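The values are calculated or read from the model by the stated rules, or taken from the named source; none is laboratory data. The model shown is predicted, which means the values in this text are computed figures rather than measured ones. All Cβ positions, glycine included, derive from the backbone under ideal geometry; neighbour counts span all protein chains shown.
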Amino acid sequence: MATTETTLNGNGTAGPFTYTFPALEEDHINVSVDGTAKTVGVDYSLDFANKQITFLNTPYPTAAEVIRIYRDTDDAALSAEFYSGAAIRATDLNNNFNQALYIAQETKAITVQASTGNLADGSITSNLIANGAVTTTKISDSNVTTTKLANSSVTSAKLVDGSIGTAKIADSNVTTAKLADGSVTAAKLSTSYLPSAGGTLTGIVTFAAGQTYPKIPQNAQTSAYTLVATDAGKHISITTGGVTVPQSIFAIGDAITIYNNSNTSQAITQGSGVTIHQAGTANTGNRTLAQYGVATVLCVAADTFVISGGGLS
């Protein structure tokens, strides 16, 4: 099982005391002494790069006192979010996957401790056991003492019978709101759900403003064709019949490239209620695309477009 905390006894000195587990952010590292939470910068300093803490104030923890250094990964929001037009960076994907993995590891560690009776000193506090979340069937009479209760380790949401099951995580069910207490485990982030390499990520991938798609997909047509909403961001390879730009389909910023994949001219037709301006001229209306010409149609206002390209007249 992955390590999410380090528990050790003091030695009467400031330290440093070393922990072994990774974390995404400095504020995910927490410290308590005999169940009392400590504050970074006030009670101790953190050397995040070298995974060490050093106490700042005397008296320093003694051999009779338990120092608990533990990770509590943020589950309120994703480490990185993707927007329309954004590039997908491996670093951002890995941080999101590690965030879910770390939350799952922390949940699993607490669940295993609770279910096996191996509750280490400082792992649960009395104010976290409420509303019937911990029952005698989960923790035997001798397994909980006041010295073993520490802040923020166990919540009622984490100790609910049957709350975690592989059948509860389907392809569409992992959302930001669900990457929280006990909802996702490492076993559930398998290649069949979120592939890390060599698989296919299905669904809609969006990009941030100012960023571009990595390529322009093709929609090949062999007869007269009227554009549809899903053609935005694609190129139409047309061999005969021409292309019509219809009304009430595209939004500002949508762009479609048209390629005349033939040795004869083809018409680009302005649909009813649509205005097409030829870039750099006062011309509006239908246009002609010469053999093997390429033109791009850009939506600049409601049902208003600008067209430009090579072989366009």
Could you tell me how many of the residues in the stretch 29-82 are basic (Lys, Arg) and under 24 Å from the mean Cα position of the chain (by Cα)? 1
Any residue in the stretch 283-301 that is in a loop (DSSP other than H, G, I, E, B) and within 41 Å of the chain's Cα centre (by Cα)? no
Go through the stretch 10-55 and tell me which strands (runs of 3 or more DSSP E), entirely inside it, have 3 or more residues that are in contact with a Lys or Arg (Cβ under 8 Å, 6 or more places away or on another chain). 29-33
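Evaluate the following for residue 236: is it closer than 23 Å to residue 301 by Cβ and buried (at least 19 other Cβ atoms within 10 Å of the Cβ)? Step through it out loud before you land on a result.
Working: closer than 23 Å to residue 301 by Cβ: yes; buried (at least 19 other Cβ atoms within 10 Å of the Cβ): yes.
So residue 236 fits the description; yes.
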Only one of (1) surrounded by 15 or more Cβ atoms within 10 Å (Cβ to Cβ); (2) touching an Asp or Glu at 6+ places or on another chain (Cβ under 6 Å) is not met by residue 14, so which one is it? (2)
Listing of strands (runs of 3 or more DSSP E) fully contained in the stretch 215-272 that carry 2 or more residues being of a type in the set (Val, Ile, Thr) and touching a residue at least 24 places away in the same chain (Cβ under 8 Å): 243-245, 255-260, 266-270
Of the numbered conditions (1) at pLDDT 90 or above; (2) in a loop (DSSP other than H, G, I, E, B); (3) out of contact with any helix residue (DSSP H, G or I) (no Cβ under 9 Å at 6 or more places or on another chain); (4) surrounded by 15 or more Cβ atoms within 10 Å (Cβ to Cβ), residue 85 satisfies every one except a single condition; which is it? (1)
It is to be established whether one or more residues within the stretch 65-76 are part of a strand (DSSP E or B), under 16 Å from residue 36 (Cα atoms) and without any contact (Cβ under 8 Å) to a residue 60 or more places away in the chain. yes
